[in-house]
Amino acid sequence: MPRINEKVSYWMLVAPALAIMVIFYIVPVLGIWKIAFTEPETGVANFVAMAGSNAVKTSFIITFRVAAITTIGCLILGYIVAYAISNFASKFTPLMVALVILPFWVSVLIRSFSWIVLLGRSGIVNDTLKGAGLIDAPLRLMHNETGVLIAMIHVMLPFAILPMLTNMRGISGAYVQAARSLGASEWTAFRQVYFPQTMPGVMSGALLVFVLSLGFFVTPALLGGGRVLMISEYITYQIQEFLNWGLGSALSVALLIATALVLLIAARFVNLRSALLERK
Amino acid sequence: MASPILSISDAVKTYGDTHALNQVNLDVAEGEFLTLLGPSGSGKTTLLSAIAGFIKMDSGKLTLRAEDITNRPPEHRDFGMVFQGYALFPTMTVRENVAFPLKVRKKPSSEITKRVNEALEMVQMGAFADRMPSQLSGGQQQRIALARAMSFSPQVLLLDEPLSALDKKLRADLQWELKALHNQLGVTFIYVTHDQDEALSMSDRIIILKDGGIQQQGDPNTLYNRPRNKFVADFLGKSNFIDVTVKGQTNSTLHCTAQDVAFDVETDTTNTTGDTVKLALRPERLKLGAPNEEFLPAVVKQVSYLGERCQVIVTHKTLGEMLVSCPTWKTDITPVAGLTVSIGWEPDAPVVLADN
């Protein structure tokens, strides 16, 4: 049997996935770039229109604000969950991890509709609060940013927990024990010894959630009810309602560049390779 | 013992059905190098963790200079500890690691600088102060861990198998250094290991543990030469075991037979005629000679050459296999498999084991 060069066999292993990525992803993305610069006429007219539009500006601000608040919310809640799983629940660890992953088995669409059932004017939350006599009129829990944030944090939470959990489970309990034996209180040991070691997990969770949130569509569209127009929904409007492929594509390009900028800026502060690949 | 610095009484710790600590009583003398030795699962690490305060005993009492510290949290016990994997904080430099115990004690910065430098000099690592732990070799990390555990002048230093991750030669060097450091500082060391050589070479006193209980304790010489039972004789060094029938005892001379072989043993124990007792015989106390030179005829089964010594397994027709260890530089015969030889020993070589 002829020996295949190691490099060649490596590329042969990667080739199928690479081909799919190129044909069905890279080429269409390039197509979008082309449309952005050519429809309805060649030039940067779409980008000029975009820059001059207050609606686009508002949408970008909402997008970044929702993504940022979602990220912070996911980090705080996720850190606590990851910490509890990796430090206390030895017997229940597999169950707890399963519960974190479980939502992945349910479609985002179903999960978002479930939040509508929960948060609507006569949804379960409002009915319960009214029944308990805590409120007179139903609270506005959806079709606004509050609703979008609640559902977004829920949908994104596993993406924050998993990298942090992987990171924390790799931290030996000996570090905190060592800190305690050297005279540090539980809190000091956590703050000065444990927490700094969890930063790679926190950073990789933050990046994952933030970048995914920037381009998220289903949840903001359903829970926002058209009132919280994040950029991906704005793009859909431009293309589906106004058939304005040029502006829609230009917005996509802008979102892609914005996301790339976020990663670039993040790269100045964290080691992306270890944050996203090695998860150590 | 003068009033002990540390005292553990009736320590009990169970995990499910296993007794990790089973009524352990132990006094530690000021300035002593005490080693807790045992196989894995013997309870030695549990005992150290209980002393450090990382695990709560089910029952029992721990006192430090006669003061009850059973429920005191680890950070207020003032014990330095060196961990098996060193546990140097990876996000801090060497200097920050060593300064950590002084910082949490809110010492003035001039004192911190001085003490950190002293501690690093003590382990000859002054030149590495600004490195990160990940940039150091295992042996260097080990020294930093030691400097960190000593920088705040703790009352007792706890060491949990600190050398187990190092290679053999480095381990031997660090054994000398640890021992020298102990002599120089006069601090009480409590050292956990499963390595008998480590225990023998450094300790003032060794505690041998098995199944959460103390099997025997004493200085290395006593433990090696006067093991109390089969476990100790087998765990600390190697031993041949012979079951003998007591035929009588005149003063310190025990007359006994093993199968069809009759011989005398010098002992400080008292034995009853007719009883069966177990003898332990160190391989290096057995002598290998030409046929009929010693009193037991035997045949060489296997030879293992170790450089300074030579291990020989011989077979006697009724006593079975025996391990003989002879110096390679002083042999009248060169043992090879199949050779007919004879073996023997001095009357004071066998140890009468008190129990099985």
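Quick one: would you say B:Leu236 is within 14 Å of the chain's Cα centre (by Cα) and open to solvent by less than 10 Å² (accessible area, probe 1.4 Å)? Yes: the conditions hold for B:Leu236.
Out of the stretch A:169-183, which residues are surrounded by fewer than 20 Cβ atoms within 10 Å (Cβ to Cβ) and either away from chain B (no Cβ under 14 Å) or under 20 Å from B:Arg105 (Cβ atoms) (or both)? The one that is surrounded by fewer than 20 Cβ atoms within 10 Å (Cβ to Cβ) and either away from chain B (no Cβ under 14 Å) or under 20 Å from B:Arg105 (Cβ atoms) (or both): A:Arg169. Residues that are without any contact (Cβ under 8 Å) to a residue 24 or more places away in the chain, part of a helix (DSSP H, G or I) and touching a helix residue (DSSP H, G or I) at 6+ places or on another chain (Cβ under 6 Å) do not occur anywhere in the stretch A:195-214. Among residues of the stretch B:278-303 that are among the β-branched types (Val, Ile, Thr), those with a Cβ under 6 angstrom from a residue that is open to solvent by 10 Å² or more (accessible area, probe 1.4 Å), sequence gap 6+ or separate chain, pair up as B:Val299/B:Thr315; B:Val299/B:Thr340; B:Val300/B:Pro335; B:Val300/B:Ala337; B:Val300/B:Leu339; B:Val303/B:Pro335. Taking the stretch A:215-238 as the range and being open to solvent by less than 20 Å² (accessible area, probe 1.4 Å) and not in a loop (DSSP other than H, G, I, E, B) as the test, the residues that pass are A:Thr219, A:Pro220, A:Leu223, A:Gly224, A:Ile231, A:Ser232, A:Glu233, A:Gln238. Tell me which residues, restricted to the stretch A:184-194, are assigned to a helix (DSSP H, G or I) and at the interface with another protein chain (Cβ under 9 Å from one of its Cβ atoms). The answer is A:Glu186, A:Thr188, A:Ala189, A:Gln192, A:Val193. Restricting attention to the stretch B:239-277, the residues being open to solvent by 30 Å² or more (accessible area, probe 1.4 Å) and of a type in the set (A, V, I, L, M, F, W, C) number 2. Out of everything in the stretch B:278-293 that is under 28 Å from B:Phe235 (Cβ atoms) and touching a Ser or Thr at 6+ places or on another chain (Cβ under 8 Å), what residue ends up being most open to solvent (accessible area, probe 1.4 Å)? Only one residue tops the list, namely B:Glu284. For the stretch B:160-191: of the residues being open to solvent by 30 Å² or more (accessible area, probe 1.4 Å) and outside any helix (DSSP H, G or I), which is farthest from B:Ile5 (Cα to Cα)? Result: B:Asp167. Filtered by the rule that a residue be of a type in the set (A, V, I, L, M) and either surrounded by fewer than 17 Cβ atoms within 10 Å (Cβ to Cβ) or within 14 Å of chain B (Cβ to nearest Cβ) (or both), the stretch A:195-211 gives A:Met199, A:Val202, A:Met203. Residue check: B:Glu32 meets all listed conditions (1) within 25 Å of B:Leu166 (Cα to Cα); (2) within 13 Å of chain A (Cβ to nearest Cβ); (3) not hydrophobic (A, V, I, L, M, F, W, C) but one, namely (2). Find all pairs meeting these conditions: Cβ atoms under 9 angstrom apart; at least six residues apart or on different chains; first residue within the stretch A:134-145 and more than 26 Å from A:Ala221 (Cβ to Cβ); second residue outside any loop (DSSP other than H, G, I, E, B) and open to solvent by 80 Å² or more (accessible area, probe 1.4 Å). Cβ pairs passing all conditions: A:Leu134/A:Thr128; A:Asp136/A:Lys130; A:Ala137/A:Lys130. Of the residues making up the stretch A:239-252, just one is in a helix (DSSP H, G or I), open to solvent by 40 Å² or more (accessible area, probe 1.4 Å) and under 19 Å from A:Asn54 (Cβ atoms), namely A:Glu241. Pairs meeting the criteria (first residue in the stretch B:50-78 and in contact (Cβ under 8 Å) with a residue 40 or more places away in the chain and within 14 Å of chain A (Cβ to nearest Cβ), second residue open to solvent by 20 Å² or more (accessible area, probe 1.4 Å) and part of a helix (DSSP H, G or I), beta carbons under 9 Å, at least 6 apart or on different chains) are B:Ala52/A:Gln177; B:Ala52/A:Arg180; B:Ile55/B:Thr46; B:Ile55/B:Ser49.
Take the conditions (1) farther than 25 Å from B:Ser7 by Cα; (2) in contact with a Ser or Thr (Cβ under 9 Å, 6 or more places away or on another chain); B:Phe231 misses just one of them, which is (2). Only helices (runs of 4 or more DSSP H) whose full extent lies in the stretch A:27-105 are considered here, and the ones with at least 3 residues that are open to solvent by 80 Å² or more (accessible area, probe 1.4 Å) and closer than 28 Å to A:Leu223 by Cβ are A:54-87.
All conditions in (1) open to solvent by 50 Å² or more (accessible area, probe 1.4 Å); (2) more than 14 Å from chain A (Cβ to nearest Cβ); (3) more than 31 Å from the chain's Cα centre (by Cα) hold for B:Ala129, with the sole exception of (1). Of the residues making up the stretch B:144-159, those that are assigned to a helix (DSSP H, G or I) and facing chain A (nearest Cβ under 9 Å) are B:Ala145, B:Arg148, B:Ala149.
The values are calculated or read from the model by the stated rules, or taken from the named source; none is laboratory data. These numbers come from a predicted model, not from an experiment. Neighbour counts run over all protein chains shown; Cβ positions are idealised from the backbone, glycine included. All accessible areas refer to the heavy atoms of the entire protein, side chains included, with ligands and DNA or RNA removed. Shrake-Rupley method; radii C 1.70, N 1.55, O 1.52, S 1.80 Å.
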